[in-house]
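Novice: One structure, pasted below without further comment.
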Amino acid sequence: MPGANTLTRGPYRLLQENFRRPAGAPGALVGHLMTVQHRGLTRWSAEHLDVRRTHHVLDLGCGSGMAVELLARRAELGFVAGLDYSATMVRQAVRRNAAAVGQGRVAIRQGDVGQLPYEDGVFDRVSAIETFYFWPDPLRGLAEAYRVLKPGGQLAITLEMSREAATVPTLTQRLFGRRFTERSEQDGLRILSGAELVALLDVAGFKDTRFVAEPRRSLGWVCALGRK
């Protein structure tokens with residue numbers, strides 16, 4: 001019979017733990033699931049980030065490396081770095097981008113958003129897709145993103161679950177939205193509105209801040225943008 005700890009954790013708890021920091025076989029599975037689920041969100045975010053051919057781009061919380069792959073296609077004459085604090089995700093991202101890594105166009109590292117292992121002012125763009133919920137110190141992470149951006153560089157923080165969900169909910173939002181959002185908040189996830197995200201970017205020193213939203217997509221897509 002399973003121990004009490006196993007029963008207490010259950011499938012939901014195991015899933016939540018591996019969304020925060022994927023590890024081992026469950027983490028690898030979560031990485032593949034996120035790749036499928038977040039494909040549309042990642043493309044939408046990349047469009048707003050406005051990556052050019054020669055840009056140097058950093059993806060924070062790169063997961064299985066799908067965003068890195070997409071960004072590297074756009075920055076075909078530039079460079080894309082991916083950072084994740086899960087060793088499992090770093091390995092997955094390296095495998096997914098093996099050719100570009102071998103060419104020196106992509107580099108994936110394990111690290112902490114609160115202490116980025118990069119010099120000041122080296123990136124034209126910084127993205128963080130579906131990871132901001134988990135940052136232990138959001139303002140420190142934003143300060144680090146600001147530090148590594150070039151003057152005029154742009155940051156995009158993109159979330160699939162936000163306060164921007166539709167006023168008239170979709171079927172998915174009616175069935176899962178409120179319950180899942182409330183449980184996620186109880187587990188410590190930071191569920192924010194576009195305005196709240198923009199306010200954090202303002203405090204961190206970003207200029208020309210704004211947000212765009214797709215309230216009927218998933219549990220309320222939102223992308224907050226700001227320039228250094």
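The values are calculated or read from the model by the stated rules, or taken from the named source; none is laboratory data. All of these numbers come straight from a predicted model, not from anything done at the bench. Cβ atoms come from the backbone with ideal geometry, glycine included; neighbour counts cover every protein chain shown. Side chains included, ligands, DNA and RNA excluded: accessible areas come from the protein's heavy atoms. Shrake-Rupley method; radii C 1.70, N 1.55, O 1.52, S 1.80 Å.
Novice: Take the solvent-accessible surface of the protein heavy atoms, probe 1.4 Å, and return the percent of it on the range 102-155 that carbon and sulfur atoms account for.
Specialist: 48
Novice: Suppose every K and R has +1 on its Cβ and every D and E has -1 on its Cβ; what is the size of the dipole of the range 72-124 about the Cα centre, in Debye to the nearest 20?
Specialist: Taking the Cα centre of the range 72-124 as origin, the dipole is about 420 debye.
Novice: Any idea how far apart ALA87 and ASP202 come out in nm if each label point goes 7 Å out from Cα toward Cβ?
Specialist: 4.3
Novice: Could you order TYR133, TYR118 so the one with the most accessible surface comes first? Probe is 1.4 Å.
Specialist: Reading off the accessible areas and sorting them downward yields TYR118, TYR133.
Novice: Continuing with the same structure: Could you tell me the accessible area of ARG52 in Å² (1.4 Å probe, neighbours in place), rounded to the nearest ten?
Specialist: The accessible area of ARG52 comes to roughly 130 Å².
Novice: Which whole-number value in Å² is the accessible area per residue of the range 80-139, probe 1.4 Å?
Specialist: It amounts to 42 Å² per residue over the range 80-139.
Novice: By the gyration tensor of its Cα atoms, with a ≥ b ≥ c the square roots of the eigenvalues, what is the shape of the range 58-181: rounded for a/c under 1.5, prolate for a/b over b/c, or oblate?
Specialist: Prolate, because a/c is 1.5 or more and a/b exceeds b/c.
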